[in-house]
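S.K.: What follows is a structure written as structure tokens; I'll ask about it next.
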Amino acid sequence: MTYTISDTARILSASQTLISNDGPVNSLLIDSRNLTHTEGVLFFAIKGERHDAHEFLPAIYGKGIRNFVVNELPANAEMEFPEANFIVVSNTLDALQTLAAHQRKQFTYPVIAITGSNGKTIVKEWLWQLLRDDFSIVRSPKSYNSQVGVPLSVWQMEATHNLAIFEAGISRLGEMEKLQSILKPDIAVFTNIGTAHDENFTGKDQKSAEKIKLLKDAEIIICCKDDAAVFTKIQEAASSKIFAWSRKTKADLQIARVTKEKNETVIQGIANNNFSSIRIPFIDDASVENAIHCWAVLLHLGISNETIASRMSLLIPVAMRLELKEGVNNCSVINDSYNSDLGSLSVALDFLNQQQQYPKRTLILSDILQSGKEEKELYREVAQLIKGKGISRLIGIGEAISGMQHIFGEMEKTFYPSTADFLADYHHGLFHNETILLKGARVFGFEAISKIIQQKAHETVLEIDLNALVHNLNYIKSRLNPGTKLMVMVKAFSYGSGSFEIANVLQFHRVDYLAVAYADEGIELRKAGITIPIMVMNPEEQSYDSMIRYHLEPEIFSFRVLQLFDDAAKRYRIRHPDQPPVPVHVKFDTGMRRLGFDEADLNELIVRLSNSRDLVIRSVFSHLAASDETGHDEFTRRQVKLFRAMSNEMSKHFTYPVQRHILNSAGILRFPDAQFEMVRLGIGLYGIAATKEEQKNLKNVSTLKTTISQLKNVPKGETIGYSRKGFAKEAMKIATVPIGYADGLSRKLSNGAGKMFIGGKPVRIVGNVCMDMCMIDVSGINCSEGDEVIIFGEQHSITDLANDMGTIAYEVLTNVSRRVKRIYFQE
């Protein structure tokens, strides 16, 4: 469908318009950071909890966007935006959903909508795999199932498709009715009710009732009837036919037996009085449940049992996450080699664009399969997409993309008929100082490419969940007063999580400040493309000139440091007379007794700063000593009171505003009346809270894992490890795992003090922890060499491990050696 600006204004019942050129609307945009092209783009200025996109209109206009949906017309719109088209509505999010609902109504082919707490994306992707030979399918990219994700997914519907598969997810009351009005599904799939987003509902009944609203008016509802309470609610709400499956009672698809073999599962069932079975290449319970949902959908669509069985055996894993890993020759590698379609390509390119560490970006892309488009039209869209995302080099693999290489213009590009041809031509010097995105359909076997371009490392890895990190960031933001700025600590290698990788995410999500311990950390971030302000907490004299050159802002905590840095700033400004005064952050000591100016220093400090022409005070701050301990709350309040008095006195003597901050992670959550103009977020970003109550609101970010190198049977009476500290009181089975104190595993965990987890079951450390490995007692545990072993993560938290060591979570995180490979992933 093609709309004009005036068409769109009419659909949205605009209260006001300002149209300078009634051109076409081809694509929708809600985040200017995802901009790929400008022609025909309609930008919806959505106001969120923490950011209002209306504030960015001048910058977005400067990037070339000319079409806007806004809540109110900007002042002097005709003068400041002379070529712009404005559509004014009361609520821009509602308008986005209204336009998507209108788009949905233009097509009569079936829409499958999937909801539930778990499995939505897997079921959607597997249905696409199972049905792509029969239909031209449009589907949600990745997990686009939210209030904005669903409209953007539905907008992709075109006349070239004949089936749509979308997800619908909710996080609070009132959301599903909006999604239902957009999707109007013909087939509704209800997977299950789990614990996701429990915090926003009074209980399971309320959450299930909200999700069931999607089923309204569907021609068929596909669900499991084994959760009797939920199934009863579905029956009560349904005005249409239900196709149910069950393991327990008679159903449209009655599961008779589930048999798990070594690497696959056989599922036997009865439907329409016919016995049949399927075989899937998975053995986990979630995959079995997801496969049965898909089986039920295919039965409803009339696919034969023979065809279903054949296709089910070929199901492939769904890559639920984009992984960022260290590559050869100082490269970063993003691995998304599960499939290759326009929607997921756009998502992966957005993730690539968040990485600022290298200016060069390389895309290795296979043929795009089952797009429903003519090849010339398809690859013209691909070319436009990668040009808009700033790709430096394209390596195309496949007959189709190779045949369309002329479409990609003058960019640096190379094409190969197959993955084997690329591998044959590959040499170690092909990639240097760049970020590489692998995006290939499964049949092209890009795993082989991933293997050769990743930096080799031992099997112990620290996984960092960027989705969880962003959740924690947004939760902290939700606890801030309007207008309060946020400084995030990325010192000590971002608490062990990696410096520029974390800083890239924080910059993308528009935090106001970063803080590092030493200048070289800040310089590394600047070289990696981080542009937001950075405070240096421990400025060293030899680094002053570099700090000024790289626009780093020092903490000033003594008169000696003040004098030395003032001299350095003066020298720099003499050489660069056009440079403004250098920003500094002044530290007050209100009770920590570590660094900072005392109250008695205040008058001299004010005089010396007032007399400096080369420095400007960006902020004054202090450090709380015990904000995480309720027993010291009175002391914390005295610190805040003294800080308020000192900062107020200082502010009176300067004509420009000076920001104030004293709260750390625990303080943000426990002392909201002391937020001042800015707060500092540290350990809370990584999922560690001061109290059990607050811990429920944060997500685990880091998982340290390794694998079993070798299994041994140890006879009764034998000893294990250095100094013979381990002793087999009975015959036992042990596993050696490649992690030791050189990796950050404390020797305090030796001899049963520490534990790890295999398959969710705890296993104790036996004997002394060695430098590069240790041994664990796996007696009675069903495990094999190569199996995964968790040191800390969701099931054994960093705090739990810290308790085992008799220390704090900070030490556990920062002790993880840099030789342990970090893997960053985003769902």
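S.K.: Determine if the range 105-116 includes at least one residue that is among the hydrophobic types (A, V, I, L, M, F, W, C) and over 22 Å from A286 (Cβ atoms).
M.R.: yes
S.K.: Also, quick follow-up: Within the set of pairs 6+ apart or on separate chains, which have a first residue in the range 359-380 that is at negative phi and charged (D, E, K, R), a second that is buried (at least 22 other Cβ atoms within 10 Å of the Cβ) and modelled with pLDDT of 90 or more, and C-beta atoms under 6 Å apart?
M.R.: Pairs that qualify, where the first residue is at negative phi and charged (D, E, K, R) and the partner is buried (at least 22 other Cβ atoms within 10 Å of the Cβ) and modelled with pLDDT of 90 or more, are R361/I391; R361/T435; D367/G398; D367/I401.
S.K.: So, I221, is that one modelled with pLDDT under 85, surrounded by 18 or more Cβ atoms within 10 Å (Cβ to Cβ) and touching a helix residue (DSSP H, G or I) at 6+ places or on another chain (Cβ under 8 Å) or not? Steps first, answer last, please.
M.R.: Details: modelled with pLDDT under 85: no; surrounded by 18 or more Cβ atoms within 10 Å (Cβ to Cβ): yes; touching a helix residue (DSSP H, G or I) at 6+ places or on another chain (Cβ under 8 Å): yes.
Considered against the rule, which asks whether it is modelled with pLDDT under 85, surrounded by 18 or more Cβ atoms within 10 Å (Cβ to Cβ) and touching a helix residue (DSSP H, G or I) at 6+ places or on another chain (Cβ under 8 Å), I221 comes out as no.
Residue-wise test of (1) at pLDDT 95 or above; (2) within 18 Å of S20 (Cα to Cα); (3) among the small types (G, A, S).
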{"residue": "F56", "(1), (2), (3)": "no, no, no"}
{"residue": "P74", "(1), (2), (3)": "no, yes, no"}
{"residue": "A95", "(1), (2), (3)": "yes, no, yes"}
{"residue": "Q103", "(1), (2), (3)": "yes, no, no"}
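S.K.: Take the range 757-767 and flag every residue that is surrounded by fewer than 15 Cβ atoms within 10 Å (Cβ to Cβ) and either in contact with a Leu (Cβ under 8 Å, 6 or more places away or on another chain) or on the phi > 0 side of the Ramachandran plot (or both).
M.R.: Within the range 757-767, G759, G760 meet the criteria.
S.K.: Out of (1) in contact with a Leu (Cβ under 9 Å, 6 or more places away or on another chain); (2) under 16 Å from A188 (Cα atoms), the odd one out for S246 is which?
M.R.: (2)
S.K.: Could you grab me the full set of residues in the range 295-324 that are farther than 22 Å from A188 by Cα, in contact with a helix residue (DSSP H, G or I) (Cβ under 9 Å, 6 or more places away or on another chain) and either of a type in the set (V, I, T) or without any contact (Cβ under 8 Å) to a residue 12 or more places away in the chain (or both)?
M.R.: Scanning the range 295-324 gives T307, I316.
S.K.: Residue by residue through the range 596-651, note down the ones that are basic (K, R), over 40 Å from the mean Cα position of the chain (by Cα) and part of a helix (DSSP H, G or I).
M.R.: R608
S.K.: Sticking with this one: Confirm whether R380 is open to solvent by 20 Å² or more (accessible area, probe 1.4 Å), modelled with pLDDT of 90 or more and not in a helix (DSSP H, G or I). So that I can check it myself, show each step before the final result.
M.R.: Values: open to solvent by 20 Å² or more (accessible area, probe 1.4 Å): yes; modelled with pLDDT of 90 or more: yes; not in a helix (DSSP H, G or I): no.
So R380 fails the test.
S.K.: Still on this structure, I have one more. Select from the range 361-393 the residues that are out of contact with any Phe, Trp or Tyr (no Cβ under 6 Å at 6 or more places or on another chain) and hydrophobic (A, V, I, L, M, F, W, C) and list them in ascending order. Can you show your working first?
M.R.: First, pick out the residues of the range 361-393 that are out of contact with any Phe, Trp or Tyr (no Cβ under 6 Å at 6 or more places or on another chain): 361-365, 367-382, 384-393.
Selection gives L363, I364, L365, I368, L369, L378, V382, L385, I386, I391.
S.K.: Restricted to the range 356-375, and to residues that are closer than 16 Å to Y824 by Cβ and either hydrophobic (A, V, I, L, M, F, W, C) or modelled with pLDDT under 85 (or both), which residue is most open to solvent (accessible area, probe 1.4 Å)?
M.R.: Filtering the range 356-375 for residues that are closer than 16 Å to Y824 by Cβ and either hydrophobic (A, V, I, L, M, F, W, C) or modelled with pLDDT under 85 (or both), the one most open to solvent (accessible area, probe 1.4 Å) comes out as Q356.
S.K.: Could you list all residues from the range 709-734 that are modelled with pLDDT under 95 and buried (at least 20 other Cβ atoms within 10 Å of the Cβ)?
M.R.: G721, G726
S.K.: Could you figure out which of (1) modelled with pLDDT of 95 or more; (2) in contact with a Lys or Arg (Cβ under 8 Å, 6 or more places away or on another chain) isn't true of A690?
M.R.: Every condition holds for A690 apart from (1).
S.K.: Could you please find all residues in the range 397-440 being in a loop (DSSP other than H, G, I, E, B) and open to solvent by less than 40 Å² (accessible area, probe 1.4 Å)?
M.R.: Result: G398, M404, G409, S418, F431, G440.
S.K.: Enumerate the helices (runs of 4 or more DSSP H) found wholly within the range 463-518, keeping only those where 2 or more residues are at pLDDT 90 or above, hydroxyl-bearing (S, T, Y) and surrounded by 19 or more Cβ atoms within 10 Å (Cβ to Cβ).
M.R.: Working: elements: 466-478, 491-495, 499-508.
Result: empty, no element qualifies.
S.K.: Shifting gears a bit: Filter the range 768-797 for residues that are open to solvent by less than 60 Å² (accessible area, probe 1.4 Å), under 19 Å from Y741 (Cβ atoms) and at pLDDT below 95 and give the result.
M.R.: H796
S.K.: Would you be able to tell me the number of residues in the range 660-677 that are surrounded by fewer than 20 Cβ atoms within 10 Å (Cβ to Cβ) and touching a residue at least 60 places away in the same chain (Cβ under 8 Å)?
M.R.: Count: 2.
S.K.: Next up: Does the range 617-629 include one or more residues that are among the aromatic types (F, W, Y), at pLDDT 95 or above and open to solvent by less than 20 Å² (accessible area, probe 1.4 Å)?
M.R.: Within the range 617-629, one or more residues are among the aromatic types (F, W, Y), at pLDDT 95 or above and open to solvent by less than 20 Å² (accessible area, probe 1.4 Å).
S.K.: Any chance you could count how many residues in the range 78-104 are without any contact (Cβ under 8 Å) to a residue 60 or more places away in the chain and either on the phi > 0 side of the Ramachandran plot or of a type in the set (F, W, Y) (or both)?
M.R.: 1
S.K.: Are any residues in the range 5-33 in a helix (DSSP H, G or I) and open to solvent by 50 Å² or more (accessible area, probe 1.4 Å), and if so, which ones?
M.R.: R10, R33
S.K.: Then there is this: For the range 305-316, name all the residues that are assigned to a loop (DSSP other than H, G, I, E, B) and under 21 Å from A164 (Cα atoms).
M.R.: L315, I316
S.K.: Among (1) closer than 24 Å to F43 by Cβ; (2) open to solvent by 10 Å² or more (accessible area, probe 1.4 Å); (3) of a type in the set (A, V, I, L, M, F, W, C), there is one condition W128 misses while meeting the rest; what is its number?
M.R.: That leaves (1) as the condition not met.
S.K.: Are there any strands (runs of 3 or more DSSP E) wholly within the range 117-218 with 1 or more residues that are over 24 Å from the mean Cα position of the chain (by Cα) and in contact (Cβ under 8 Å) with a residue 60 or more places away in the chain, and if so which?
M.R.: Result: 137-139, 187-190.
S.K.: Name the single residue that is farthest from K360 (Cα to Cα) among those in the range 315-330 being at pLDDT 80 or above and charged (D, E, K, R).
M.R.: If we take residues in the range 315-330 being at pLDDT 80 or above and charged (D, E, K, R), then E323 is farthest from K360 (Cα to Cα).
S.K.: Among the residues of the range 292-308 satisfying the criterion of being in contact with a Phe, Trp or Tyr (Cβ under 7 Å, 6 or more places away or on another chain) and either among the β-branched types (V, I, T) or open to solvent by less than 50 Å² (accessible area, probe 1.4 Å) (or both), which is nearest to R247 (Cα to Cα)?
M.R.: Step one: of the range 292-308, the residues in contact with a Phe, Trp or Tyr (Cβ under 7 Å, 6 or more places away or on another chain) are 292, 294, 296, 300, 308.
Filter once more, so that each one left must be either among the β-branched types (V, I, T) or open to solvent by less than 50 Å² (accessible area, probe 1.4 Å) (or both): 292, 294, 296, 308.
Values: I292: 10, C294: 15, A296: 13, I308: 19 Å.
Out of the qualifying residues, it is I292.
S.K.: Considering only the range 567-581, state which residues are in a helix (DSSP H, G or I), out of contact with any Phe, Trp or Tyr (no Cβ under 9 Å at 6 or more places or on another chain) and open to solvent by less than 80 Å² (accessible area, probe 1.4 Å).
M.R.: Across the range 567-581, the qualifying residue is only R573.
S.K.: Next question. Of all the residues that make up the range 271-303, how many are closer than 22 Å to N192 by Cα and more than 36 Å from the chain's Cα centre (by Cα)?
M.R.: 1
S.K.: Residues in the range 34-77 that are in contact (Cβ under 8 Å) with a residue 40 or more places away in the chain, open to solvent by 20 Å² or more (accessible area, probe 1.4 Å) and outside any strand (DSSP E or B): how many?
M.R.: Of the residues in that region, 10 qualify.
The values are calculated or read from the model by the stated rules, or taken from the named source; none is laboratory data. Keep in mind that what you see is a predicted model, and the values were worked out from it rather than measured. Positions of Cβ are generated from backbone atoms using ideal geometry, with glycine treated the same way; all protein chains shown enter the neighbour counts. Side chains included, ligands, DNA and RNA excluded: accessible areas come from the protein's heavy atoms. Shrake-Rupley method; radii C 1.70, N 1.55, O 1.52, S 1.80 Å.
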